[in-house]
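K.L.:
This is the structure I have questions about; it appears just below.
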Amino acid sequence: MALFANRVWETCNAPGTGVVTMLGAVLGYFTWAAKVANPSVVGYVMVDQTSGDVEVGYGTWTTVLTRNTVIDSSNGGAAVNFTGNPIQVFLTAVAGDIGNIKTVNT
């Protein structure tokens, strides 16, 4: 099971398909470093604010986010190659973490 924390949302450099280096919290939210113990397995969502590409998965937070397992993505379920656009990354509960709740694919 992944670690959860409220209101963790940052921008990041374009990580390609690799590790994610955070740049700072979105207004009204916390940095990953402020709320997530090091190391922790976490659920994450990454969104390209220009193209709309998205990736949901599990990763390991240390001082960067290492993307371990992609659960869903706009790239057919594979890691998205994020390049050059504003990328936002937030901590989330992945649907499989929430027991006894029906999930819907949209």
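The values are calculated or read from the model by the stated rules, or taken from the named source; none is laboratory data. Everything quoted here is computed from the prediction, not taken from an experiment. Here the Cβ is made from the backbone with ideal geometry for all residues, glycine too, and neighbour counts use every protein chain on show. Just so you know, the surface numbers come from the protein's heavy atoms only, side chains and all, with ligands and any DNA or RNA stripped out. Shrake-Rupley method; radii C 1.70, N 1.55, O 1.52, S 1.80 Å.
K.L.:
For the chain, what is the percent of antiparallel DSSP beta bridges, rounded to the nearest 5?
P.N.:
Numbers: 29 of 31 bridges.
Approximately 95 percent, going by the DSSP bridge assignments.
K.L.:
Residues with beta-carbon under 13 Å from that of Ser74, excluding Ser74: net charge, scoring Lys, Arg +1 and Asp, Glu -1? Could you put the intermediate results ahead of the total?
P.N.:
On the way: positive: none; negative: Asp48, Asp53, Glu55, Asp72.
Here the count lands on -4.
K.L.:
Net charge within 11 Å of Gly57 by Cβ-Cβ distance, Lys/Arg positive one each and Asp/Glu negative one each, not counting Gly57 itself? Display every interim value, and only then the final one.
P.N.:
Working: positive: Arg67; negative: Glu55, Asp72.
Around Gly57, the charge tally is -1.
K.L.:
Enter the accessible area per residue of the chain (Å², integer; probe 1.4 Å; all protein chains in place). Please list the in-between numbers first.
P.N.:
Details: 5840 Å² over 106 residues.
Dividing the accessible area of the chain by its residue count gives 55 Å².
K.L.:
Could you size up the charge dipole of the chain around its Cα centre, putting +1 on the beta carbon of Lys and Arg and -1 on that of Asp and Glu, and report it in debye to the nearest 20?
P.N.:
Its charge dipole is roughly 220 debye.
K.L.:
Excluding Val47 itself, what net charge comes from residues whose Cβ is under 11 Å from its Cβ, given Lys and Arg +1 and Asp and Glu -1?
P.N.:
Around Val47, the charge tally is -3.
K.L.:
How large is the direction-averaged shadow of the alpha-carbon convex hull of the chain, in nm²? Working shown, then result.
P.N.:
Working: hull surface 26.1 nm².
Convex hull of Cα atoms, orientation-averaged projection: 6.5 nm².
K.L.:
Moving on to the next point. Let me have the relative contact order for the chain, percent, based on Cα pairs under 8 Å that are six or more residues apart. List each step's numbers first, then the result.
P.N.:
Working: 243 pairs, mean separation 34.1, N = 106.
Averaging sequence separation for qualifying contacts and normalising by length gives 32 percent for the chain.
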